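Read-outs: derived from the displayed coordinates by stated rules, not from any lab. Remember, it's a predicted structure, so these values are computed and weren't measured experimentally. Positions of Cβ are backbone-derived with ideal geometry, glycine not excepted, and every protein chain shown enters the neighbour counts.
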Amino acid sequence: MSDKCSCEQPLVPTVVEVVDIKDETPDVKSFYCRLSEGGVPFNVAPGQCAMVSYLPVGEGMFSCTWQEEQEYLQFAIKKVGLLTDELHAIEVGQKLGVRGPYGNGFPVEECKGKDMLFIAGGIGLAPLRSFIKYCFKHREDYGKITIVYGSRSYADLCFKEELFNEWPAIKDTQVYVTIDNPEEGWDGHVGFVPAYVEEINPNPQGLIAVTCGPPIMIKFVLQSLEKMGYTDDQVITTLEMRMKCGIGKCGRCNIGSEYICLDGPVFTLAQLKQLPQEW
Amino acid sequence: MKILSKDKLESVLDKLSESAEVFVPLSRANSSGFYSWKNRNPEKERLMLDALNVYLSPKNVGFPQNEKMYSIIQSGPNAEIKETFEDSSPRIIFGLRACDARAIRCMDDVFLTRGYEDSFYKARRDNTVLIGNACYEPGPNCFCQGMGVDPVEPEVDIIIRDTGAQGYIWEAKTPKGEELTEGISSLLQEKELKAPELKAFPTQVDYSGVAEKLKGMFEHPIWEGLSSACQNCGICTYVCPSCHCFDIQVKTWGEEGYRFRCWDSCMYTEYTTEAGGGNPRSTTKERFRNRFLHKLEFFTERYGYPLCTGCGRCIVACPTGINIVNIINEVKEASVDV
Ligand code: SF4
Ligand code: SF4
Ligand code: FES
C-alpha cells in the first residue's frame, strides 16, 4: 500500500514539507504535509498514527486526522509541551520528518453495515475524524451515524466547519455538540459529554460506539455506555502513551504485555478489560 | 573433537582480531566488562574467561549505550536527513556466558521480530559472531537454570568448554561458527577431551507458574513492600543484559545536528511522562512493578520466555539490596485472593 517502504529503516523519518497550516482552536492547529515532489510518503489508515519530527527538537506520535490520497497527510496538533509549542511556531514551507504509519487503526471493515456512534472530547475528535470521514467517503457501507462531541468552550471545538455545516447535511447523520459551561452567543447544549450521551441514549442494537478524549472523559463515557446496555465488544477506544520508537522496541508505551504503539492504539473495551488498569 | 589449548588462546584472539573487533571479558580499573581485545592494555587488564560474569554485560556490543542514528540539517525549508549510521563492521563476542547469550536472544526477538526490524540493531547483529563459554560451576548469584537457560549450552555460534589445563573443547554450532572455525583451524588441535560435570546451583529458583500467577497480581499489596527500598536509580536496568529500553534524543549545533538513541530506564519518572505532564506510572511502586512484571510476566506472554536470564548482576549492583530471586520467591508464596 505505501509506495515508499518506511520499513527498511523504521526509525529514520522521511522529510515532508508543510504546505498549509490552519488554526482549529486557540491551541490546536492542523498541519498539512506532503513530499516536496508531491504525494505522501506513506498511506495511513483511519486511526493509525505517525511520528512527526521537528528535526531540531524531537519527535512525537500523532494520530493522522486525515489523509487525502496522494495529496497530503493532516495532523491536528494541540499545544501541550516543548515539541508542540515549537510546532505551533513553524510556518508554511517548513520541513518536518515523518515516519509511520504506526498502530492497528480502527476496524473499519468489521464495522461495515453497522450504525456508528462517535463520542469525542476536545482534541480527541482528531483521531475519530479519520474514521468519521472514512465512513462518509464510503457512506453506503455504514448505517446511521451519530456524532457526540464536546469541548470546554465554543472556541475549543475543533473542525467547526465540518461539525456545524458539512456533517449534519450528510444523509442519516446526527451531530450533537456540547460545551462545558454556558457562554454568550451559544444556544446549543451545555454539559459534559458522558451525560449528554446518556441523554441522547442511542439504541445499542446493531451499533458500534467509538470514543476518544481526555482519559477521564473516556472512563466516564465507558461507564455510561455500560449503563446504557452496550456490550464490551461494541465499544472501541483509542489510547495514548508517551512514545519514542513507535514500533514496539523502546519499551515505554506498554500496558501489560501490549505495546500501545504497535498493538494499539485502538482497543475494544473487551480487550482493555484484559489489561492492567494502568491507562 | 577440536581443542583450543590454553597456550594458543592469545594467538586465536589475535588472529580473530585481524578481521573483526573481538570483545572479551577484561578487567578494567576496578571493574570488568566486555572490551576490545586489540585495544586492551596488557599491562593492567586481565582476560577474565575464568570469571563467571564480569560486571558489565556485552549488551553494549550489539546495542550501544549511545548510538548516533542519523545526521540532519535542522532548520527551516532546508531541513533534511543527511546520512544514517548503521554499523555493519564485523564483531565477535568471545567468552560470553549462557545467561548473556540468552539476553542476546531476547534482544533479537525485540529488535528483529514483530513486524519491524530495527535497522541499526540488525546491521550489527548480522555481522556479529557469538562464542560462548559453557559454565560448570555456578556462582552464588547465578540462577539461569531456574529461568530456563542451560548453562552448558549457551545459544551461540561456537561453544568453548573449559576442561582445565588441557584446554577448551571448541564446538561450532552454526554455519557462522563453522566458517569462523575454518579461518583459525591451524591453531586448533584434534583430540578427545571430556567436558566437566555441571555443579549444583547455590541459588535455586523455580520460575514455573510465575508468569501465570503474576497475571492476577497487578493490584496485589505485595508491590508496596517489595518496592519500598527502591531508589529508582536505574542501576538494575543498566547492568541488565536484557533490558532493552531506549530513548531517542537530538543534538544540534548551528545548522547541523544528529539524532541518537541511548539506553533509558523504566525506573525513571521521565520515561513515561507525557508531553502534557500526565504519567501513568508516577510512583516508585508503579515503576518497580512494571519492571519486574515486564521481566517475569509481560515478556513471557509476548515471546514465550522471561526477560530475566538469571545473570545475577542486578542483585550485586542494587544499592538497597533488592533481589529478583526474593521477588520470585515472594510471588510464589503470596496468597492471591486478597
Ligand atoms: S533482571 Fe537481573 S538477574 Fe535478570 S537478567 Fe537482568 S540483571 Fe540479570
Ligand atoms: S538498582 Fe535497586 S534501587 Fe536502583 S532502581 Fe534498581 S531496584 Fe531500585
Ligand atoms: S513507543 Fe517504543 S515501544 Fe511503543
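Computed values, structure above
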quantity: Estimated [θ] at 222 nm from DSSP helical runs (n ≥ 4, -39500 (n - 2.57)) normalised by residues in chain B, nearest 500; calculated: -7500 deg cm²/dmol
quantity: Alpha-carbon centroid distance for the pair segment B:188-205 / segment B:271-338, whole angstrom; calculated: 32 Å
quantity: Length-normalised contact order of chain B in % [C-alpha pairs under 8 Å, at least 6 apart]; calculated: 20 percent
quantity: Residue among B:ALA229, B:ALA29, B:ALA123 with the largest mean-square fluctuation in a Gaussian network model of chain B, springs linking Cα atoms under 10 Å; calculated: B:ALA29
quantity: Segment A:84-243 - percent relative contact order, Cα under 8 Å, separation 6 or more; calculated: 24 percent
quantity: Label-point separation, B:THR283 to A:GLU68 (7 Å along Cα→Cβ), nm; calculated: 5.0 nm
quantity: GluC sites (Glu not before Pro) restricted to DSSP loop in segment A:1-80 with at most 16 other C-beta within 10 Å; calculated: A:GLU8, A:GLU37, A:GLU69, A:GLU71
quantity: A:GLU8-B:GLU212 FRET efficiency (beta carbon distance; Förster radius 30 Å; 0.05 resolution); calculated: 0.20
quantity: Most mobile of A:CYS250, A:CYS64, A:CYS33 in a GNM of chain A (Cα contacts under 10 Å); calculated: A:CYS250
quantity: Under 16 Å from the B:ARG114 label point (7 Å along Cα→beta-carbon), backbone N, segment B:277-309; calculated: B:290-308
quantity: Label-to-label distance, nm, for residues given as A:GLN277 and A:ASP232 (7 Å Cα→Cβ offset); calculated: 1.3 nm
quantity: Ratio of the Cα radius of gyration of the protein assembly as shown to 2.2 N^0.38 Å, where N counts its residues; calculated: 1.10
quantity: Label point 7 Å beyond Cα of A:ILE90 along Cβ direction - residues of segment B:252-271 with amide nitrogen under 17 Å; calculated: B:252, B:255-259
quantity: Dimensions in Å of chain A - Rg and Dmax from alpha carbons; calculated: 18.2, 54
quantity: Inter-label distance for B:GLU10 and B:ASN326, nm, one decimal - labels placed 7 Å from Cα along Cα-to-Cβ; calculated: 4.4 nm
